[in-house]
Amino acid sequence: MLTIRLYGDPILRRKAAPIGAVTDELRSLADGMIEAMQVEDGVGLSAPQVGVLGRLIVATPDPEDLDSEPVPLVNPVVERAQGEWTEEEGCLSLPDVYAEVTRPETVDVRALDMDGKDMSFAANGWFARVILHEIDHLNGVLFIDHLSSAERGRLRGQLERITRRARETMEGQG
Ligand SMILES: [Zn+2]
């Protein structure tokens, strides 16, 4: 089982590199990410969150629907974004931290699928939000970076606790 890195782990602040080829190794990483995400009841996950600095994300098209199959996206890019809406977000690297984030409502996305083929599609609402959140991770950006400093201040105690946990986990791994 892949371990999800917590806020405070420096890997979450690094930029992930483009993926050159979709290999069996990458496909099994995507499977492992989906598994780790579902165990934690998440709706999206990025490779840096499991310690891999490659541009791979998994996102659930309809987070409200339990049968909605998560989609892996390689080198995802948002080509167009429209509209704006605000909703409460969380992150598996920031357990129990929730805050309202404003993001585009509709996005046109281009990516490679797990066969290495080009694909583009439009995503709306939660699917768009999850994709944008996960692409942020590929650039070392976390959802709390979108908040005002007052709001981040409100979360400071929680963030410090998670940072301590991250440090203990990293020390535990030697
Ligand atoms: Zn996240």
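What follows draws every value from the coordinates through simple rules; no lab data is involved. These numbers come from a predicted model, not from an experiment. Neighbour counts run over all protein chains shown; Cβ positions are idealised from the backbone, glycine included.
Some values worked out for this structure:
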{"item": "Packing-based exposure ordering (other Cβ within 10 Å, fewest first) of His146, His133", "result": "His146, His133"}
{"item": "Fewest-first sequence of Asp96, Asp113 by Cβ atoms within 10 Å of each Cβ", "result": "Asp96, Asp113"}
{"item": "Net charge over other residues, Cβ less than 14 angstrom from the Cβ of Glu40 (K, R count +1; D, E count -1)", "result": "-2"}
{"item": "Fewest-first ranking of Met1, Met37, Met114, using other Cβ atoms within 10 Å as the exposure measure", "result": "Met1, Met114, Met37"}
{"item": "Furthest towards positive pole of dipole, Ile162, Asn75, Thr86, structure part the chain, Cβ charges", "result": "Ile162"}
{"item": "Linear extension gain, Arg152 paired with Arg167, 0.36 nm per residue minus alpha-carbon span", "result": "3.4 nm"}
{"item": "Label point at Met1 placed 7 Å out along Cα→Cβ; residues across segment 21-49 whose backbone nitrogen lies under 14 Å", "result": "32-42"}
{"item": "Percent of Cα pairs exceeding the 30 Å cut-off, where the set is the chain", "result": "14"}
{"item": "Value at 222 nm in deg cm²/dmol, rounded to 500, when DSSP H runs of n ≥ 4 in the chain each add -39,500 (n - 2.57)", "result": "-9500 deg cm²/dmol"}
{"item": "Per-q log10 I(q)/I(0), segment 27-128, q = 0.17 Å⁻¹ (Debye; single scatterer per alpha-carbon; no solvent)", "result": "-0.83"}
{"item": "Charge sum, other residues only, whose C-beta stays under 10 Å from Gln82's C-beta, Lys/Arg counted +1 and Asp/Glu -1", "result": "-2"}
{"item": "Förster radius 25 Å - calculated FRET efficiency between Trp85 and Asp108, Cβ distance, rounded to 0.05", "result": "0.90"}
{"item": "Placed amide H near Gly51: partners under 5 Å, 5+ positions off or other chain", "result": "Arg5"}
